[in-house]
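The values are calculated or read from the model by the stated rules, or taken from the named source; none is laboratory data. All values derive from a computational prediction rather than experimental measurement. Note that we place each Cβ from the backbone using ideal geometry, even for glycine, and neighbour counts take in every protein chain shown. In case anyone asks, the SASA skips ligands and DNA or RNA and just uses the protein heavy atoms, side chains included. Shrake-Rupley method; radii C 1.70, N 1.55, O 1.52, S 1.80 Å.
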Amino acid sequence: MKNTAHLRRLILSRTARMVVVGQGYVGLSVACVAADEGFHVVGTDLDEARINGLRLGKPCVPGVNDEDFRAGLHSGRLRFATDPAEIESANIILIAVPTPLRDHAPDLSHIEAACRDVAANLREGQLVILESTTYPGTTDEVVRPVLESRGMLAGRDFLLAYSPERIDPGNGEFGLRNTPRIVGGLSPEATGVAVLFYEQLANKVVAVSSSRSAELAKLLENTFRHVNVALVNEMAMLCHDMGIDVWEVIEAAASKPFGFMVFHPGPGVGGHCIPLDPNYLAWQVRRDAGRQFRILEEAEDINSQMPGYVATRIGDALNDRGRAVRDSKILVLGVAYKPDVGDVRESPALHVMDILLRRGARVTYHDPYVGSVAVNGGRMPRAELTQRAVVDADCVALLTPHDTYDLDWLASHCKMLFDARNAYTVERHPNVVRL
């Protein structure tokens, strides 16, 4: 590309203008950090209500680090818009839009729509980077043709690369800056310029040989976690059948200083990444290789059973105390998919509540981060976390242990508490039943 040297100078001087297409937790996070690091950034999104909220300084996107959000706003270099025409004035365009599943296949409609907006406003000398998680080949086989549909050519007129997001919402130790970035371009030139850009935001950048390698690396990360969570979930079920404390087993195994990594069982997997992303790979293997990715599909099957298993264990715990599930009052604590965030996407807690409701239980919930939630199309009643609410419940089900919960207070007032996440020890609280 002719203007590579100029683009490099703009990046190094941090005078390059950026547009981030998609203001979910991925796009907003990188927009805020880039603005804080000196770049002028426009975050665009088709959701007018979201854009209006962001303009007012409202952190209306779950999963975004509050400090990064405030720093981006206070920099004076971050603004928000709904008009795709903002893309034309940018030097760097990041695409960070959702990639959901539809009928067990990747739905790339959001990527395709974003790329059409980019293509309509593309000009020579720009760098386009896809950050959305997707299957290997998407950047080259889906994004590139759309961007080139108006006569511009990748490599000649603009640069195209892929860099998967690696944000872990609620993680106070690892954020966007100290989590290494992976970058793979459609050419060595594209990779080099994209690496230079991310070096302004992150402490370490790992370059790979192609966009396909970068795309697959992200899916390997999530598949690794999916499979290992499934392993420990099945171990929890086996340990219960054998009368062995799975948490003691995990702690003992974790004493080995090599060759073992700790994973914990729970009511299932949630969020946008783990339950969905590995399915892109399973879909692609079936499509391109004509066979199953067996270990991944087994992991999916095991993890999808966990909400039902947890609901059954809650029912067993009630039965042991002379109560049937039907008409029992069950107070669920924590409906977000992980502690200390307000994101309920694919949350297994919602599936647990749905099963308990269908079995006739009277279910309410409390979550300090979730003001309202729907289960099976119906709005769930939200309880205030008062002593009366805890005492009146036949079972308090701790499904997501947010740090704000006073565990000792809960255990001292409830009749019975089912702990799905090992927040307690049985010895200290005899009325607590652990998974």
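Among Gly266, Gly259, which is closer than 26 Å to Pro401 by Cα and either out of contact with any strand residue (DSSP E or B) (no Cβ under 6 Å at 6 or more places or on another chain) or of a type in the set (Gly, Ala, Ser) (or both)?
Details: Gly259 fails: closer than 26 Å to Pro401 by Cα.
The conditions single out Gly266.
For residues in the stretch 369-403 being polar (S, T, N, Q) and in contact with an Asp or Glu (Cβ under 8 Å, 6 or more places away or on another chain), which is farthest from Pro348 (Cα to Cα)? Steps first, answer last, please.
Here is the first cut: in the stretch 369-403, the ones polar (S, T, N, Q) are 372, 376, 386-387, 400.
Of the ones still in play, those that are also in contact with an Asp or Glu (Cβ under 8 Å, 6 or more places away or on another chain) are 376, 400.
Working: Asn376: 13, Thr400: 10 Å.
Ranking the qualifying residues of the stretch 369-403, first place goes to Asn376.
Identify, please: which residue in the stretch 319-351 is in a loop (DSSP other than H, G, I, E, B), of a type in the set (A, V, I, L, M) and under 22 Å from the mean Cα position of the chain (by Cα) and is, among those, farthest from Leu410 (Cα to Cα)?
Of the residues in the stretch 319-351, the ones in a loop (DSSP other than H, G, I, E, B) are 321-328, 334-347.
Restricting the remaining residues to those that are of a type in the set (A, V, I, L, M) gives 324-325, 335-336, 341, 344.
With under 22 Å from the mean Cα position of the chain (by Cα) added as a condition, the list becomes 335-336, 341, 344.
Working: Val335: 17, Ala336: 19, Val341: 21, Val344: 23 Å.
Only one residue fits best here, namely Val344.
Identify all residues within the stretch 90-142 that are open to solvent by 20 Å² or more (accessible area, probe 1.4 Å), among the acidic types (Asp, Glu) and closer than 22 Å to Ile182 by Cβ; write none if there are none.
Those that are open to solvent by 20 Å² or more (accessible area, probe 1.4 Å), among the acidic types (Asp, Glu) and closer than 22 Å to Ile182 by Cβ: Asp140, Glu141.
Just to be sure, is Ala230 open to solvent by less than 60 Å² (accessible area, probe 1.4 Å) and free of Cβ contacts under 8 Å to residues at least 60 places away in the same chain?
Numbers: open to solvent by less than 60 Å² (accessible area, probe 1.4 Å): yes; free of Cβ contacts under 8 Å to residues at least 60 places away in the same chain: no.
Here the answer is no, as Ala230 does not meet what is asked.
Scan the stretch 79-137 for residues that are closer than 29 Å to Glu346 by Cβ and small (Gly, Ala, Ser) and report the count.
Number satisfying all stated conditions: 7.
Run Arg291 past the list (1) without any contact (Cβ under 8 Å) to a residue 12 or more places away in the chain; (2) open to solvent by 70 Å² or more (accessible area, probe 1.4 Å); (3) of a type outside the set (Asp, Glu); (4) in a helix (DSSP H, G or I) and report the number of the one that doesn't hold.
Failing condition for Arg291: (4).
Among the numbered criteria (1) open to solvent by 10 Å² or more (accessible area, probe 1.4 Å); (2) part of a strand (DSSP E or B), which one does Asp354 miss?
With (1) open to solvent by 10 Å² or more (accessible area, probe 1.4 Å); (2) part of a strand (DSSP E or B) applied to Asp354, the lone miss is (2).
Taking only pairs six or more apart or across chains, which ones have beta-carbon atoms under 9 Å, a first residue in the stretch 74-103 that is without any contact (Cβ under 8 Å) to a residue 40 or more places away in the chain and more than 19 Å from Leu56 (Cβ to Cβ), and a second residue that is among the basic types (Lys, Arg) and open to solvent by 50 Å² or more (accessible area, probe 1.4 Å)?
Matching pairs, first to second residue: Glu88/Arg123.
State which residue is nearest to Ala361 (Cα to Cα) when the search covers only the stretch 376-410 and only residues that are assigned to a loop (DSSP other than H, G, I, E, B) and touching a His at 6+ places or on another chain (Cβ under 8 Å). Show your work before the answer.
Going through the stretch 376-410, the residues assigned to a loop (DSSP other than H, G, I, E, B) turn out to be 376-377, 380-381, 383-386, 393-394, 399-406.
With touching a His at 6+ places or on another chain (Cβ under 8 Å) added as a condition, the list becomes 383-385.
Numbers: Ala383: 15, Glu384: 19, Leu385: 19 Å.
Selected residue: Ala383.
Hey, among the residues in the stretch 4-13 that are touching a residue at least 24 places away in the same chain (Cβ under 8 Å) and more than 29 Å from the chain's Cα centre (by Cα), which one's surrounded by the most Cβ atoms within 10 Å (Cβ to Cβ)?
Our first condition is that a residue be touching a residue at least 24 places away in the same chain (Cβ under 8 Å); within the stretch 4-13, this holds for 4, 6-8, 10-12.
Now narrow it down to the ones that are more than 29 Å from the chain's Cα centre (by Cα): 4, 6-8, 10, 12.
Details: Thr4: 15, His6: 13, Leu7: 21, Arg8: 16, Leu10: 19, Leu12: 13.
Once the filter is applied, the top-ranked residue is Leu7.
Output yes when any residue across the stretch 364-377 is farther than 25 Å from Asp316 by Cβ, open to solvent by 10 Å² or more (accessible area, probe 1.4 Å) and more than 22 Å from the chain's Cα centre (by Cα), and no when none is.
Within the stretch 364-377, one or more residues are farther than 25 Å from Asp316 by Cβ, open to solvent by 10 Å² or more (accessible area, probe 1.4 Å) and more than 22 Å from the chain's Cα centre (by Cα).
Return only the number of the condition from (1) more than 28 Å from Ile167 (Cα to Cα); (2) out of contact with any Leu (no Cβ under 9 Å at 6 or more places or on another chain); (3) touching a residue at least 60 places away in the same chain (Cβ under 8 Å) that Arg313 does not satisfy.
All conditions pass for Arg313, except number (2).
Test Gly170 against the criterion of being open to solvent by 10 Å² or more (accessible area, probe 1.4 Å) and touching a residue at least 40 places away in the same chain (Cβ under 8 Å), and give yes or no.
Considered against the rule, which asks whether it is open to solvent by 10 Å² or more (accessible area, probe 1.4 Å) and touching a residue at least 40 places away in the same chain (Cβ under 8 Å), Gly170 comes out as yes.
If you scan the stretch 246-285, which residues turn out to be open to solvent by 20 Å² or more (accessible area, probe 1.4 Å), farther than 30 Å from Asp107 by Cβ and in contact (Cβ under 8 Å) with a residue 24 or more places away in the chain?
Within the stretch 246-285, Met261, His264 qualify.
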